[in-house]
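Since every read-out is calculated from the coordinates, none of them should be taken as a lab result. Worth saying up front: this structure is predicted, and the values here are computed from it rather than measured. Here the Cβ positions follow ideal geometry from the backbone for every residue, glycine too, while neighbour counts run over all protein chains shown.
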Amino acid sequence: MALRLYNTLSGKIEEFQPLDDNRIRMYACGPTVYDYGHIGNFRTFIAVDLLRRFLRQSGYAVNYVMNITDVDDKIIRNSARDGVSVKQYTAKYEKAFLEDVEALNIEQPKLVRATDHIAEMAEFIAKLQKKGFAYRSEDGSYYFRIANFPAYGKLSKKDFAGMEDGARVDVDEYDKDNARDFALWKAPKPGEASWETSIGPGRPGWHIECSAMSMEELGESFDLHAGGEDLIFPHHENEIAQSEALTGKPFARFWMHARFLLVEGEKMSKSLGNFFTPRDLMLKGHKPSAIRFLLTSVPYRNQLNFTFDGLKQAASNVEKLRNFQSRLTQGQFPAGAPENMVALAVETTERMKAGMNDDLNTAQAQAAMFDMVRKANAAMDANQLKKDDVPLLLAVLGKFDEIFSVLKDDDAAKMKRIAEWAKAEGREKDISPELLDAVRAAQLSDQQVNQKLAEMEQARRTRNFKASDAIRAELAAAGIVVENTKDGARWKRK
RNA sequence: GGCGCGGUACCCAAGUGGUAAGGGAGAGGUCUGCAAAACCUUUAUGCGUCGGUUCGAUUCCGACCCGCGCCUCCA
């Protein structure tokens with residue numbers, strides 16, 4: 001059973017087989033670092049992260065490259081506004097992006113920066129010009145000649161043949177041969193960042209970086225190219241045009257696009273006041289694990305309604321999984337060979353795999369996991385779960401977490417970093433009481449907590465409940481929740 | 001206007017031509033020194049509306065209503 005994935009290019013779900021036997025080469029359009037990334041951006045990045053993780057789990061070696069766009073109109077405009085260099089400006093947001101990636105447990109892809117590949121882009125354009133697919137305008141800009149690339153529109157399913165040229169000509173771009181032709185290279189303007197290259201001075205157009213860098217890193221043809229659904233046109237369409245015009249070979253075989261999300265049932269926009277970055281949410285006291293889990297809970301091609309209620313639900317989900325894990329790892333179980341748990345473990349593994357193989361149906365995979373959790377918990381309650389069942393169930397849970405990555409409880413530490421960042425940015429006022437609670441939970445070390453726990457257990461054994469309750473209260477005040485079970489005490493950070 | 005996606009319980013949400021996964025929340029219960037956790041029961045004769053095809057439709061077809069995306073560098 002192999003992965004079946006929706007391919008925007010064909011408009012169908014197809015079996016995903018790599019060009020090489022066992023090696024996957026994939027590319028995703030990363031952030032333009034002109035501002036902090038928002039949850040919509042991260043939905044896409046997490047969806048691709050899930051794909052990458054699942055492919056690896058399925059036995060493939062995955063080479064995953066993502067670009068960072070560190071030069072574009074907004075960056076130039078904003079850096080000028082702030083009176084800093086483009087490099088200084090983008091460095092801040094690139095750093096923030098990497099921090100967010102880490103906070104959300106997105107495994108870092110190989111990152112490539114546009115400004116590190118200007119020369120290659122110039123070369124790319126020069127070759128296109130030689131082949132007749134690019135032309136230079138009077139001011140020194142270069143454009144792609146769509147008329148010479150008949151396949152234009154195959155990704156976005158647009159038929160440009162019947163469209164009237166020049167219907168919507170941008171007055172600033174009067175020197176294009178055809179209104180649909182797009183910029184490969186922009187001639188320098190006074191005060192704007194510019195590079196000296198083999199094709200003259202200027203800066204790259206938006207699309208060329210992805211063509212040049214993906215080709216350099218992954219070859220002329222590779223397996224999969226991903227991004228948000230808005231990128232289908234014009235960005236990815238233009239990438240295909242540039243790349244295939246140059247090489248005459250198919251560019252990416254699979255095109256994966258993540259659907260936009262809604263926030264509280266409405267589209268996310270700054271004007272509606274429902275525009276959120278992961279940082280905003282963490283400042284409000286939401287755990288990064290909950291943010292990640294919510295963003296994975298709806299399959300990537302479905303619209304996801306991101307709500308604060310949903311965020312709470314996701315936090316409960318994560319906690320349920322973590323509780324289950326600690327119950328398994330810390331509980332005492334009767335000796336004995338595994339019996340009914342074997343079938344459950346196998347069935348769950350298969351259901352998860354079948355779900356993910358079905359165009360990354362994360363909801364199905366999660367449902368399978370929660371079924372297992374409920375049944376295994378019931379078995380534990382009935383004292384039917386044997387010692388040898390434990391590694392079996394933990395292995396299934398581990399497989400789940402190789403993809404979803406929410407079990408490790410480092411939320412408090414991550415939120416502490418956000419609080420520090422907010423202070424450094426002069427945004428103390430945005431730090432919520434809930435965030436302070438979470439940060440407090442990071443203050444005691446594991447060792448300190450375990451020390452207190454031992455004292456509490458001692459008090460309980462001697463039925464000195466007054467003392468044990470005092471310790472419980474003390475730990476609770478430090479953001480530590482203690483659960484007493486017949487097999488001993490467990491704790492977790494609030 | 002062109003192209004495309006979706007509307008499932010209080011909330012999030014999967015799914016199927018044969019009678020509705022999973023989670024959260026609520027209610028009741030079991031367990032329990034306290035506090036949790038966990039488990040059990042319960043909450044859609046119903047899947048936007050109206051027609052049609054069919055032995056049978058939430059699932060296919062049509063119309064309509066509503067939401068969302070792309071068609072100008074927004075993931």
With the 8 Å Cα cutoff and a minimum separation of six or more residues, the range A:411-493 has a relative contact order in percent of 26 percent
Sorted by chain and number, the residues with a modelled amide H under 5 Å from that of A:ALA258, at a separation of 5 or more or across chains, are A:GLY227, A:GLY228, A:GLU229
Burial-style ranking of A:194-201, A:111-118, average other-beta-carbon count within 10 Å with highest first, yields A:111-118, A:194-201
Semi-axes a, b, c in Å (a largest) for the range A:1-105, each sqrt of 5 times a Cα gyration tensor eigenvalue, come to 33, 14, 12
The Cα extents of the range A:351-433 along the principal axes, largest first and rounded to whole Å, are 54, 36, 18
Here the Cα Rg-to-2.2 N^0.38 Å ratio for the range A:212-310 is 1.38
Kirkwood radius from Cα pairs of the range A:411-493 plugged into Stokes-Einstein at 20 °C, 1.002 mPa s, gives D in µm²/s equal to 154 µm²/s
Reduced to Cα centres, the span from the range A:244-282 to the range A:47-70 in Å works out to 17 Å
For chain A, averaging the sequence separation of alpha carbon pairs under 8 Å that lie six or more residues apart and dividing by its residue count, the contact order in percent is 15 percent
The summed charge of the A:LEU407 Cβ neighbourhood (under 14 Å; Lys/Arg +1, Asp/Glu -1) stands at +4
The ³J(HN,Hα) series, computed from each phi in the range A:29-36 with the Karplus coefficients 6.51, -1.76 and 1.60 at θ = phi - 60°, rounded to the nearest Hz and given as x for glycine or proline, is 6, x, x, 8, 8, 10, 6, 6
Across all Cα atoms of the range A:98-137, Rg and the largest Cα-Cα distance (Dmax), in Å, are 16.8, 46
For the range A:31-182, Rg(Cα) over 2.2 N^0.38 Å is 1.30
Burial-style ranking of A:54-61, A:345-352, average other-beta-carbon count within 10 Å with highest first, yields A:345-352, A:54-61
re the range A:263-404: pairs of Cα atoms spaced beyond 17 Å account for a percent value of 64 percent
Residue-ordered couplings for the range A:108-119, obtained by feeding phi - 60° into the Karplus form 6.51 cos²θ - 1.76 cosθ + 1.60 and rounding to whole Hz (Gly and Pro as x), are 5, x, 6, 9, 10, 9, 4, 5, 8, 10, 4, 4
Of the listed links A:LYS452/A:LYS492; A:LYS287/A:LYS486; A:LYS267/A:LYS312; A:LYS74/A:LYS270; A:LYS353/A:LYS408, those spanning more than 18 angstrom between alpha carbons are A:LYS287/A:LYS486; A:LYS267/A:LYS312; A:LYS353/A:LYS408
With no solvent term and unit scatterers on the alpha-carbon positions of chain A, Debye gives log₁₀ I(q)/I(0) at q = 0.06, 0.07, 0.11, 0.13 Å⁻¹ of -0.35, -0.46, -1.00, -1.28
Highest mean packing first, using Cβ neighbours within 10 angstrom, the peptides A:303-313, A:24-34 sort as A:24-34, A:303-313
As straight-line cross-link partners of A:LYS429, the qualifying lysines (C-alpha separation under 17 Å, not fewer than 8 residues apart within one chain) are A:LYS284, A:LYS416
